[in-house]
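Step one of this worksheet: look at the structure below.
Bear in mind that the values in this text are calculations on the coordinates, not laboratory data. Values in this document were obtained by computation on a predicted structure and should not be read as measured data. Glycine also receives a Cβ, built like all others from the backbone with ideal geometry; neighbour counts cover every protein chain displayed.
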Amino acid sequence: MNVKKCPAASLLPRGKKGRVQAIHELLTLLYPEAECALDFKGDPFRLLVMARLSAQCTDKRVNEVSVSLFKKYPDAEAFARAEIAELEEAVKPCGLYRTKAAQILEMSKLLVRDYAGEVPSSKNALLALPGVGEKIANLMMGDVFGDPHIVADTHMIRLSGRFGLTNSVNPAIVTRDLEKIVPKAEQADFCHRMIFLGREYCKAQNPNCSQCPFMKK
């Protein structure tokens, strides 16, 4: 794999654990509020649905679509009763709408049937839900249930490679690599802050290295 390295990487400690600590210290100063960019209003089910909609879609678009979506379908029971064609139309702006709508509908039905419409707090139970993979399950565990995990989204994968924290672009491998070097209690916050950095400076195309705070530290 040929990963473009961050020019500031040479300025950071050589050991990966020390490098993570230095990165997170600066990111904490830059982004003291380490919050999920999805505006789920503290509702676990809302975050579950929004996280599924965010695949290959921006969080900004998901936040916009979710305003009307949750007015029409406020909870798992309402989603479980949805007509698939209407649900597809409601989530269409997020892309991949047929797959997303079908999985959200089936997920909602399962939650109503097996969990009285509530989101289970077990990672294994989350992974058994339609459309939920490790990234979404880890996000839920950290942001809802107080059990921080690595959330290997596209920003995390890109930045972790550029900072020399992993040599892979495989989400499962990146997750395992980062779990070894990011302290457990900091994993969710570290990921949120890395995502903020990726959106603001370290973009996939034309990263703004000249203005990056890591080049000025």
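One table, with the values for the structure above:
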| read-out | value |
| --- | --- |
| Pairwise centroid distance, computed over Cα atoms, of the range 173-217 with the range 80-156, Å | 25 |
| Inter-label distance, nm, simple model (7 Å from Cα along the C-beta direction), D147/Q21 | 2.8 |
| Charge sum, other residues only, whose C-beta stays under 12 Å from E88's C-beta, Lys/Arg counted +1 and Asp/Glu -1 | 0 |
| Per-residue HN-Hα couplings for the range 207-215 [Karplus 6.51, -1.76, 1.60; θ = phi - 60°; Hz; x = Gly/Pro] | x, 8, 5, 5, 9, 4, x, 6, 7 |
| Within a Gaussian network of the chain (alpha carbon springs, distance under 10 Å), most fluctuating of L139, L110, L159 | L110 |
| Charge dipole (the range 113-209, unit charges on Cβ, about Cα centre) - positive-most of T154, H192, N208 | N208 |
| Gained length - A116 relative to A78, 0.36 nm times residue gap less alpha-carbon distance | 12.4 nm |
| Simple Cβ-charge dipole of the range 121-217, Lys/Arg +1 and Asp/Glu -1, about Cα centre, in debye nearest 20 | 360 |
| Amide H contacts of H149 (H built 1.01 Å from N, under 5 Å, at least 5 apart or other chain) | G142, A188 |
| Gyration tensor verdict on the range 1-80 (Cα atoms; rounded if a/c is under 1.5, prolate if a/b is larger than b/c, oblate otherwise) | prolate |
| Helix-only CD estimate at 222 nm, as mean residue ellipticity for the chain, using -39500 (n - 2.57) per DSSP H run (n ≥ 4) | -17000 deg cm²/dmol |
| Charge tally in the Cβ shell below 11 Å around K60, where Lys, Arg are +1 and Asp, Glu are -1, K60 excluded | -1 |
| Pairwise label distance in nanometres, K92 with A204, each label 7 Å out on the Cα-Cβ vector | 2.5 |
| With eigenvalues of the C-alpha gyration tensor scaled by 5 and rooted, the range 15-174, Å | 30, 16, 15 |
| Net charge contributed by nearby residues that have their C-beta within less than 11 Å of C202 (K/R +1, D/E -1) | +4 |
| Rh (Kirkwood; distinct C-alpha pairs) - the range 104-153, Å | 11.0 |
| Theoretical gain in end-to-end length, R61 to T99 [0.36 nm per residue, Cα-Cα removed] | 11.9 nm |
| Across K4/K123; K72/K203; K72/K135, pairs whose alpha-carbon gap is larger than 30 Å | K4/K123; K72/K203 |
| Fully extended contour minus Cα-Cα distance, from A85 to A37, at 0.36 nm per residue | 14.5 nm |
